[in-house]
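The values are calculated or read from the model by the stated rules, or taken from the named source; none is laboratory data. Here the structure is a predicted model, which is why all the values come from computation and not from measurement. In this analysis, Cβ positions are derived from the backbone assuming ideal geometry, glycine residues included, and neighbour counts consider all displayed protein chains.
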Amino acid sequence: MSFFYPTLGALSILAGLLFVVGRQNRDLLRVRAYGEFLARLLPLLSTGVFVFGLPFVMALTDVESAVPVLLAYLGGTAVLTVLMARLLAAPEERQAGALFRREEYEGAAAIYEQLIVRRPLPRYYSALGASLDVSGDHRGALEATDRAIKLDPKLGVAYYNRASTLAALGEHSRARSDLEAVFRADSNRRLRRAAEEALASLEKS
């Protein structure tokens, strides 16, 4: 049984996933956080190595034990990939995101502050700003988002989060300017749609 084409297909899928994950984390490259960027790609890269080795492993396996060996190999690859993803990704970052989604904003802000002490990444400053904003600390949020934009002027979500803070402070003109900057910065489709809605809301106010 030839595993060449299935392996090629799996590697093509992994290449697509690597491209997506790379695009989602390209802000890390802009601030030269190469280690952080690689850590987010490493689980997929390691999976690629295992998948690439599959035809060689199966070539050394006799026909009778081919299916058990294949299942064990693929199962082990999946387990190792998941374990690497959990070990390499910052658990505090996942925890802070979960707290924010549960609307426990003060807890999220506290974790982002801890993350910034260890790794002052623009994405953490931006997330801290969003957490402080919805907690009611608009001045703190403005300071955090200002810092995020200073470190990475192309971080679209930082402009969006600062615009929210500026709108809460009644500075609608500056908020509108930041929302317009979202479209010139590094922003995904969802963020641009949110910026459009926020601009429309500002126009009505």
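Below, the figures for the structure above:
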| read-out | value |
| --- | --- |
| Yes/no for PHE100 being buried (at least 17 other Cβ atoms within 10 Å of the Cβ) and touching a helix residue (DSSP H, G or I) at 6+ places or on another chain (Cβ under 9 Å) | yes |
| Any hit, segment 114-130, residues being among the basic types (Lys, Arg) and over 21 Å from LEU28 (Cα atoms) | no |
| Of all residues making up segment 170-192, the number that are farther than 11 Å from LEU202 by Cβ and either surrounded by fewer than 14 Cβ atoms within 10 Å (Cβ to Cβ) or touching a residue at least 40 places away in the same chain (Cβ under 8 Å) (or both) | 6 |
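Residue-wise test of (1) assigned by TED's automatic domain parsing to the domain that holds ARG190; (2) buried (at least 23 other Cβ atoms within 10 Å of the Cβ); (3) at positive phi; (4) within 15 Å of the chain's Cα centre (by Cα).
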| residue | (1), (2), (3), (4) |
| --- | --- |
| GLU113 | yes, no, no, no |
| PRO120 | yes, no, no, no |
| TYR124 | yes, yes, no, yes |
| ALA127 | yes, yes, no, yes |
| ALA130 | yes, yes, no, no |
| GLY136 | yes, no, yes, no |
